[in-house]
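The values are calculated or read from the model by the stated rules, or taken from the named source; none is laboratory data. All values reported here derive from a predicted model rather than from experimental measurement. A quick note on method: Cβ atoms are made from the backbone with ideal geometry, for glycine too, and the neighbour counts reach across all protein chains shown. Ligands, DNA and RNA are excluded from the accessible area calculation, which covers all protein heavy atoms including side chains. Shrake-Rupley method; radii C 1.70, N 1.55, O 1.52, S 1.80 Å.
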Amino acid sequence: MTIKLGCIADDFTGATDLANNLVRAGMRTVQAIGVPSGPLETPADAVVVALKTRTLPADEAVAQSLAALAWLRAQGAGQIYFKYCSTFDSTAQGNIGPVADALMAALETDFTIATPAFPDNKRTVFKGYLFAGDVLLNESGMQHHPLTPMTDPNLVRVLSAQTRRKVGLIDYAVVARGSDAIRGRIDALRSEGVEIAIVDAISNDDLLALGPALKDMPLVTAGSGVAIGLPGNWGLAPGAAAALPREPGAQAVVAGSCSSATQGQVAAFIAAGRPALALDPLRLAAGDDVVAQALAWAAPRLSDGPLLIYSTARPDAVQAAQASLGAARAGALVEEAIARIAAGLARLGVRQLIVAGGETSGAVVQALGLTQLAIGEQIDPGVPWCAGYAQAAQARISIALKSGNFGGVDFFTRAFHRAA
């Protein structure tokens with residue numbers, strides 16, 4: 001069995017985001033949690049291998065990405081897609097640049113593109129600058145990200161700091177002229193020694209024009225937006241996602257993201273009168289059994305509708321916890337606690353679960369023992385309902401893995417209505 005497109009995602013929400021766009025664009029898609037141990041069993045046009053490498057040390061991220069590449073090539077993948085977040089969040093050390101470098105070397109290719117543009121979620125690139133909505137990325141709240149703060153919206157500069165390769169730009173004046181013009185610009189950049197080109201895109205039409213120009217490129221690096229323009233290269237047309245049966249049972253949200261969008265979603269859920277419990281990193285550090293207390297709080301409330309357990313906090317509160325515990329320890333304590341709580345909720349009968357935050361989603365999926373996800377209907381751009389078998393609960397579960405920055409303010413309640 002061979003696949004057309006093999007994808008490597010650097011976090012779990014990003015993987016479902018990409019799989020969602022591929023399904024909507026007409027590709028039969030399977031999402032694997034981590035590198036599979038054996039061959040693909042389900043027929044698919046594309047496979048997305050979900051890793052948790054965004055904030056790992058660069059050498060570990062590279063090693064895991066190369067392992068995913070080796071598995072995908074063994075399945076016959078004709079093109080490789082390295083997927084990162086639409087906010088391009090990383091550090092001066094990586095991991096976007098180092099992973100792209102390693103994949104290029106392994107595939108023996110001397111050129112690829114890079115663009116996190118996802119207009120459906122208001123992520124656009126113009127003159128190489130990344131916008132989130134109407135503001136530059138560094139004015140969007142991402143400058144306060146606890147692990148990967150983004151203070152420079154110029155993607156050529158950001159990526160140049162992470163790679164030994166020369167980084168160039170395919171700007172909007174070229175993209176607006178269509179696929180042939182993009183191909184011509186690629187040829188010109190290659191002749192100048194450029195090996196990675198940031199690509200402008202402010203609309204889906206731009207991404208659809210980009211798609212044919214990437215047809216013969218061994219490696220594509222991008223957010224999930226570029227995915228809408230690739231299936232046509234194999235003669236595939238957009239279609240509706242297959243409906244997934246909604247698993248009957250209790251409903252819950254766990255949120256670890258501190259993004260502005262998730263803060264708004266948490267506030268809206270609470271304002272709607274739904275039960276919510278905040279986690280305190282300092283109590284976790286003090287050794288309090290916060291997980292058991294959270295589950296004891298949740299158990300009698302699950303029969304009354306969705307509830308929320310969250311660590312989402314404003315930047316000043318996050319900074320205070322980091323000052324006391326250290327950024328890495330504070331993040332790890334919260335991530336582990338939410339993952340254990342999610343597994344406990346599943347054992348208590350939760351069968352419809354929303355997880356907010358990329359790092360949080362990775363920890364939760366691993367704690368639940370999910371190894372493969374089927375992709376269902378989209379809730380909001382970039383966020384579909386998925387389904388899989390949770391070994392921790394010995395049951396199937398419907399799950400939505402939401403990037404912290406995605407979703408409307410009423411996402412939590414609206415998602416459950418869609419799942420009903």
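Here are the numbers for this structure:
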| quantity | calculated |
| --- | --- |
| From S311, S361, S403, residue being at pLDDT below 95 and closer than 17 Å to A278 by Cβ | S311 |
| Single residue of L208, L236, L169 found to be open to solvent by 10 Å² or more (accessible area, probe 1.4 Å) and part of a loop (DSSP other than H, G, I, E, B) | L236 |
| Conditions (1) open to solvent by less than 30 Å² (accessible area, probe 1.4 Å); (2) of a type outside the set (D, E); (3) part of a helix (DSSP H, G or I); number of the one not met by A197 | (3) |
| Counted residues, region 371-420 - those being more than 17 Å from V253 (Cα to Cα), surrounded by 23 or more Cβ atoms within 10 Å (Cβ to Cβ) and polar (S, T, N, Q) | 0 |
| Cross-chain or 6+ apart pairs with Cβ under 7 Å, region 178-191 first and free of Cβ contacts under 8 Å to residues at least 24 places away in the same chain and under 22 Å from N204 (Cβ atoms), then basic (K, R) and open to solvent by 90 Å² or more (accessible area, probe 1.4 Å) | none |
| Residue, nearest to the chain's Cα centre (by Cα), within region 35-47, restricted to residues that are modelled with pLDDT under 95 and open to solvent by 20 Å² or more (accessible area, probe 1.4 Å) | P36 |
| Odd one out for A50, checked against (1) touching a strand residue (DSSP E or B) at 6+ places or on another chain (Cβ under 8 Å); (2) open to solvent by 10 Å² or more (accessible area, probe 1.4 Å); (3) more than 11 Å from G6 (Cβ to Cβ); (4) not basic (K, R) | (2) |
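Rundown of residues vs (1) in contact with a His (Cβ under 9 Å, 6 or more places away or on another chain); (2) of a type in the set (S, T, N, Q); (3) more than 22 Å from V47 (Cα to Cα), yes/no style:
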{"position": "I341", "(1), (2), (3)": "no, no, yes"}
{"position": "A346", "(1), (2), (3)": "no, no, yes"}
{"position": "E359", "(1), (2), (3)": "no, no, no"}
{"position": "G376", "(1), (2), (3)": "no, no, no"}
{"position": "G382", "(1), (2), (3)": "no, no, no"}
{"position": "D410", "(1), (2), (3)": "no, no, yes"}
{"position": "T413", "(1), (2), (3)": "no, yes, yes"}
